[in-house]
1. Exactly one condition in (1) touching a helix residue (DSSP H, G or I) at 6+ places or on another chain (Cβ under 9 Å); (2) touching a residue at least 60 places away in the same chain (Cβ under 8 Å); (3) within 27 Å of residue 57 (Cβ to Cβ) is false for residue 168; which is it?
2. At pLDDT below 95 and within 29 Å of residue 206 (Cα to Cα) - does that describe any residue in region 128-144?
3. Would you say residue 216 is under 15 Å from residue 121 (Cα atoms), outside the structural domain of residue 24 (by TED's automatic domain parsing) and loosely packed, with under 15 Cβ neighbours inside 10 Å?
4. Would you mention how many residues in region 193-214 are out of contact with any helix residue (DSSP H, G or I) (no Cβ under 7 Å at 6 or more places or on another chain), outside any loop (DSSP other than H, G, I, E, B) and under 23 Å from residue 247 (Cβ atoms)?
5. Being in contact with a helix residue (DSSP H, G or I) (Cβ under 7 Å, 6 or more places away or on another chain) and modelled with pLDDT of 95 or more is the requirement here; does residue 43 meet it?
6. Being within 21 Å of residue 114 (Cα to Cα) and in contact with a helix residue (DSSP H, G or I) (Cβ under 9 Å, 6 or more places away or on another chain) is the filter; apply it to region 46-58 and report the residue that is surrounded by the most Cβ atoms within 10 Å (Cβ to Cβ).
7. Among the residues of region 133-152, count how many are buried (at least 24 other Cβ atoms within 10 Å of the Cβ) and in contact with a strand residue (DSSP E or B) (Cβ under 8 Å, 6 or more places away or on another chain).
């Protein structure tokens, strides 16, 4: 498996791990970075590599060229559309990773491209980009989780508008409705994504992984069940030694935390 600092060759993506941050760049610019069986296989291999590498603390997903991802490559699927995509867990793989995943939406994110972004934890978007789920325009639906993740993220009313009209929206509108976390000029996009990644690198991996899964599950359970899950997960997410190491690290980097921890130990 690739380790920190490794650069690995794939057919349809660029993949590297530098400074504890893995970057996956969809690299089919001549096909608007659309999803093909080969792309699915390459992303799956990269995600498996990241999952096995404890040196990776955060992940960035972006696209090469003018597009983030234009959805399914219908020609590569033999006309089969979304149902022809192998490994339908392509989108859920990013949710399953313990590391936080940041989508750096550099250009059009349509259909499956929108759904890839929805499966990430943080979305930063270039001011010039657009995002949407146009499938209904040709008698289909966003079947990679679009009808489900959108509603959880932006509410039922907005999700219906996006899915049922099929019209794309601007980056600014995406931020207004809570679909993306940050919008910046395209030239600043990767810096913004790395800023988020740099914050995550400074956080305890066990706390990040637990927080990610608790928040994801929160929309599927009643409040009291979620509170019980939260209590159980937090109490079991690290050893006393690991917690102590994180307190020492925090205290070493903050006089405020140093004083708080000193008082709590007395």
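The values are calculated or read from the model by the stated rules, or taken from the named source; none is laboratory data. Source: prediction; values computed, not measured. FYI the Cβ positions are ideal-geometry reconstructions off the backbone, even for glycines, and counts take in every protein chain you see.
1. (3)
2. Yes, because at least one residue in region 128-144 is at pLDDT below 95 and within 29 Å of residue 206 (Cα to Cα).
3. Numbers: under 15 Å from residue 121 (Cα atoms): yes; outside the structural domain of residue 24 (by TED's automatic domain parsing): yes; loosely packed, with under 15 Cβ neighbours inside 10 Å: yes.
Yes: the conditions hold for residue 216.
4. Filtering region 193-214 down to residues out of contact with any helix residue (DSSP H, G or I) (no Cβ under 7 Å at 6 or more places or on another chain) leaves 193-199, 201-203, 205, 207, 209, 211-213.
If we keep only those that are outside any loop (DSSP other than H, G, I, E, B) as well, we get 193-199, 201, 205, 207, 209, 211-213.
Then drop every residue that is not under 23 Å from residue 247 (Cβ atoms), which leaves 198-199, 201, 205, 207, 209, 211-213.
The number of residues fulfilling the criteria is 9.
5. Values: in contact with a helix residue (DSSP H, G or I) (Cβ under 7 Å, 6 or more places away or on another chain): yes; modelled with pLDDT of 95 or more: yes.
It is true that residue 43 is in contact with a helix residue (DSSP H, G or I) (Cβ under 7 Å, 6 or more places away or on another chain) and modelled with pLDDT of 95 or more.
6. As a first pass, look at region 46-58 and keep what is within 21 Å of residue 114 (Cα to Cα): 46-47, 58.
Narrowing the set further to residues that are in contact with a helix residue (DSSP H, G or I) (Cβ under 9 Å, 6 or more places away or on another chain) leaves 47, 58.
Numbers: 47: 22, 58: 28.
Top of the filtered list is 58.
7. Count: 1.
Per-residue answers, yes or no, for (1) in contact (Cβ under 8 Å) with a residue 40 or more places away in the chain; (2) assigned to a loop (DSSP other than H, G, I, E, B):
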site: 95; (1), (2): yes, no
site: 109; (1), (2): yes, no
site: 116; (1), (2): yes, no
site: 124; (1), (2): yes, no
site: 140; (1), (2): yes, yes
site: 143; (1), (2): yes, yes
site: 147; (1), (2): no, no
